[in-house]
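Since the structure comes first, as structure tokens, the remarks are kept for the end.
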Amino acid sequence: MDPADPLDAKQIVIEYARVLERDIDEQRHPSRIDSLPFSKPVIQAAIRTSVTHLLSSGALTPDLRDYFETAYISLAEYLDPELVALMAEYRRSAEHLTTESVVVRERTATSAWRTLAETSALAGEVARATSLEAEKLKTEFQELVRPA
């Protein structure tokens, strides 16, 4: 499929939207990059083609604009499987510590505590990198739809 062709781009966006909606419904974010139907660059190009086509025809409504912007920015949350597993384990450990009724001094001896201690710096770096990518994608999208 050619993401520069409006018809192909539409199909690429539809397939990505299905995956994105499923992941949102199942609260799977971040998600694995290998769950995407196409590579990130192909999806980005398809969204740009679709938005440009809709803009030129006057059919880009505010609701469609918001939808495409969300889809474009959400690509930042598709990560390598190892990073998704790390973030999921970090989240599970944090939730376990907040729900467990263990005496505070005993918490530091739990595997959940060790996981948090060992992975917090890396989890923070992953979150920061994802946030930076999302901000970059937001800026790209806003430049795309900015009136000439």
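The numbers here are math on the coordinates, done by the rules we state, and not lab data. Here the structure is a predicted model, which is why all the values come from computation and not from measurement. When we count neighbours, we look across all protein chains shown, and the Cβ atoms used for this are built from the backbone with ideal geometry, even at glycine.
If each DSSP helix of 4+ residues adds -39,500 (n - 2.57) and the sum is divided by the residues in the chain, what number results at 222 nm, nearest 500 deg cm²/dmol?
-25000 deg cm²/dmol, from helical runs alone.
Go ahead and run the numbers for FRET between Asp8 and Ala85, Cβ-Cβ distance against an R0 of 25 Å, rounding to 0.05.
For R0 = 25 Å, the calculated efficiency reads 0.15.
May I ask for the net charge around Glu82, where only other residues with Cβ less than 14 Å from the Cβ of Glu82 are counted and Lys, Arg are +1 while Asp, Glu are -1?
-3
What distance in nm separates the simple spin-label points at Glu125 and Arg22, each placed 7 Å from Cα in the Cβ direction?
Taking the two extended label points, one gets 3.2 nm.
Measuring from label point to label point, each 7 Å out along Cα→Cβ, what is the Glu140 to Glu118 span in nm?
About 3.5 nm, to one decimal.
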